[in-house]
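The values are calculated or read from the model by the stated rules, or taken from the named source; none is laboratory data. Bear in mind that the values here come from a model prediction, so they are computed numbers and not experimental data. Using ideal geometry, Cβ is built from the backbone for each residue, glycine included, and neighbour counts are taken over all protein chains shown.
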Amino acid sequence: MTRNALALGDWIITTDNSAAIGEKPADVVAAPDEVTANFAARVALLEQWAAGSEPEAVLLQNFSGDAHWHRYVEGIEQLFSQAGIPCPPISGSSETNMETMQSAVSVTLLGKRKRAVTTEGLHWFLYGVPLVGQRVLLEKDRVADLKVIQEAIEGGLAERVWPVGSQGVASEAERMIGKKPTSIERIDSSTSGGPGTSVLIGVAVEKVGAAMQHFGAEFVALQFES
């Protein structure tokens with residue numbers, strides 16, 4: 001089962017977009033273009049990992065104007081550096097015919113499936129805290145670390161990765177494994193996960209101890225309704 005990915009054989013296509021977040025005066029949330037593109041690419045990368053795939057190419061759709069292109073590219077490159085993996089080739093298009101009042105960008109990743117994924121027999125944890133809007137910028141230390149996740153995937157500690165989106169932790173868990181978690185300490189399970197700031201992690205029972213040590217403080221075990 002993929003999350004929001006399109007599967008074409010072993011090819012996996014994932015995408016995310018952002019609107020009214022950026023450097024234009026009319027934007028609802030003020031943020032550097034690099035940060036905006038970084039978080040759009042972040043969601044698309046997490047969707048790749050959720051499908052058991054790794055990205056091979058990046059398509060950037062820039063609706064903000066030609067002057068914003070290089071900053072968006074820089075943000076995407078930073079994202080892959082943060083994840084500890086090489087940045088794939090980047091191509092795409094910029095809107096240069098019409099000037100928009102607000103920023104808008106979309107990042108699409110084309111990847112190849114590398115590993116099988118399962119939800120069976122796993123213990124589930126929430127890594128990171130669901131954040132949205134300015135909280136993403138103000139509480140960076142509570143955002144799930146992509147390099148930590150990538151190392152867990154490569155090291156066999158994380159059997160399944162599933163980013164939390166706008167419907168919140170409870171909705172994502174029910175969608176993936178068919179059960180809602182009970183209350184989570186200090187977290188509203190219906191709160192939007194914003195740009196993948198928190199991630200559901202599935203761990204084999206014999207690796208729970210090692211996973212808890214690897215992920216650190218913002219790694220909370222989930223309990224489910226019977």
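Give VAL203, VAL220, VAL208 a once-over and let me know the one that is more than 16 Å from the chain's Cα centre (by Cα), among the hydrophobic types (A, V, I, L, M, F, W, C) and either modelled with pLDDT under 95 or assigned to a loop (DSSP other than H, G, I, E, B) (or both). Working first, answer last.
Details: VAL203 fails: either modelled with pLDDT under 95 or assigned to a loop (DSSP other than H, G, I, E, B) (or both); VAL208 fails: either modelled with pLDDT under 95 or assigned to a loop (DSSP other than H, G, I, E, B) (or both).
Going through VAL203, VAL220, VAL208 in turn, the sole match is VAL220.
Does SER93 fit the bill of being of a type outside the set (A, V, I, L, M, F, W, C), at pLDDT 95 or above and in a strand (DSSP E or B)?
Spelling it out, SER93 is indeed of a type outside the set (A, V, I, L, M, F, W, C), at pLDDT 95 or above and in a strand (DSSP E or B).
How many residues are buried (at least 17 other Cβ atoms within 10 Å of the Cβ) and more than 10 Å from ARG42 (Cβ to Cβ) if we restrict to the range 69-79?
Pass one, the range 69-79, residues buried (at least 17 other Cβ atoms within 10 Å of the Cβ): 69, 71-73, 75-77, 79.
Still in the list and also more than 10 Å from ARG42 (Cβ to Cβ): 69, 71-73, 77.
Counting residues in the range 69-79 that are buried (at least 17 other Cβ atoms within 10 Å of the Cβ) and more than 10 Å from ARG42 (Cβ to Cβ) gives 5.
Select, from SER171, SER189, the only residue that is more than 25 Å from GLU54 (Cα to Cα) and either at pLDDT 95 or above or in contact with a helix residue (DSSP H, G or I) (Cβ under 6 Å, 6 or more places away or on another chain) (or both).
Numbers: SER171 fails: either at pLDDT 95 or above or in contact with a helix residue (DSSP H, G or I) (Cβ under 6 Å, 6 or more places away or on another chain) (or both).
Among SER171, SER189, only SER189 is more than 25 Å from GLU54 (Cα to Cα) and either at pLDDT 95 or above or in contact with a helix residue (DSSP H, G or I) (Cβ under 6 Å, 6 or more places away or on another chain) (or both).
Hey, among the residues in the range 181-194 that are free of Cβ contacts under 8 Å to residues at least 60 places away in the same chain and either crowded, with 16+ Cβ neighbours inside 10 Å or touching a Lys or Arg at 6+ places or on another chain (Cβ under 9 Å) (or both), which one's nearest to PHE219 (Cα to Cα)?
To start, the set of residues in the range 181-194 that are free of Cβ contacts under 8 Å to residues at least 60 places away in the same chain comprises 181-186, 188-190.
Cutting the leftovers down to either crowded, with 16+ Cβ neighbours inside 10 Å or touching a Lys or Arg at 6+ places or on another chain (Cβ under 9 Å) (or both) gives us 181, 184, 189.
On the way: PRO181: 15, ILE184: 11, SER189: 15 Å.
Within the range 181-194, the match that is nearest to PHE219 (Cα to Cα) is ILE184.
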